[in-house]
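Remarks on the structure that follows.
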Amino acid sequence: MQAAYLSTAYLASVQYYSILTAFDEIYLETNENYPKQTYRNRCQIASANGIQTLTVPVEKSATLKTPTRDIRISNHGNWRHLHWNAFVSAYNLSPFFEYYADDFRPYYEKKYTFLLDYNEALRTMICSLLDIHPTVIPTAKYTPSVENDFRHLPGSADVPSASVQHPQPDVQLTPRPYYQVFREKHGFLPNLSIVDLLFNMGPESILYL
């Protein structure tokens, strides 16, 4: 049985979901010291102006080293409304935004306390839409060296190398183009958030992955 390690991620990348489909088990890292400015609390979408980054604000930790599982979402500002408006603006003309809008909207109305819980609620919903059913197991402790380590998987088209010892052959490490609303304007933008694939390709997303 093949297993891989992933970090939590907010509306994770297409590559992230390719890994979810390729491995029998996924160990979700919950015990690492939370690193700032990563895709654990941000995602990228394709807007009319190019790549747009959306960030979930988190509360400042009392200590320098805080486990990811203890990171709390900050409710200052109106980020949920801003994120939803960004989706509408970017994907309202995509083939499947209206098809999936009612699935996503509740996650921008309900308040979650912990980032990990919020990310996992979104991931579970998206996996259901994709009709994939990965076995996801939260880590019991932090282990620095493991096989199939995708915990530092970037959200861009960059590909981890040395940290990935035995990647599965069907993991999408080299993104293939698919239809995007603004492709004629910006060209194909690879490995954005999974929402970009879903809103543009709908039920065919699983075939792409």
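The values are calculated or read from the model by the stated rules, or taken from the named source; none is laboratory data. Just so you know, these numbers come straight off a predicted model, no measurement behind them. Don't worry about glycine lacking a Cβ; one is built from the backbone with ideal geometry, like all the others, and counts go over all protein chains shown.
Here is a yes/no grid of residues against (1) modelled with pLDDT of 95 or more; (2) crowded, with 18+ Cβ neighbours inside 10 Å; (3) at positive phi:
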{"residue": "Asp103", "(1), (2), (3)": "yes, no, no"}
{"residue": "Ile126", "(1), (2), (3)": "yes, yes, no"}
{"residue": "Thr135", "(1), (2), (3)": "yes, no, no"}
{"residue": "Asn148", "(1), (2), (3)": "no, yes, yes"}
{"residue": "Ala157", "(1), (2), (3)": "no, no, no"}
{"residue": "Ser161", "(1), (2), (3)": "no, no, no"}
{"residue": "Phe199", "(1), (2), (3)": "yes, yes, no"}
{"residue": "Ser205", "(1), (2), (3)": "yes, yes, no"}
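Filter segment 30-43 for residues that are within 13 Å of the chain's Cα centre (by Cα) and surrounded by fewer than 20 Cβ atoms within 10 Å (Cβ to Cβ); which is modelled with the lowest pLDDT? Among those that are within 13 Å of the chain's Cα centre (by Cα) and surrounded by fewer than 20 Cβ atoms within 10 Å (Cβ to Cβ), it is Thr38. Among the residues of segment 1-54, those identified as farther than 29 Å from Val88 by Cβ, among the small types (Gly, Ala, Ser) and in contact with a Leu (Cβ under 9 Å, 6 or more places away or on another chain) are Ala4, Ala22. So, in segment 7-47, how many residues would count as being touching a Pro at 6+ places or on another chain (Cβ under 9 Å) and free of Cβ contacts under 8 Å to residues at least 24 places away in the same chain? Residues meeting the conditions: 0. Only one of the listed residues (Tyr16, Tyr27) is at pLDDT 95 or above, over 24 Å from Trp84 (Cβ atoms) and either buried (at least 22 other Cβ atoms within 10 Å of the Cβ) or not charged (D, E, K, R) (or both). That residue is Tyr27.
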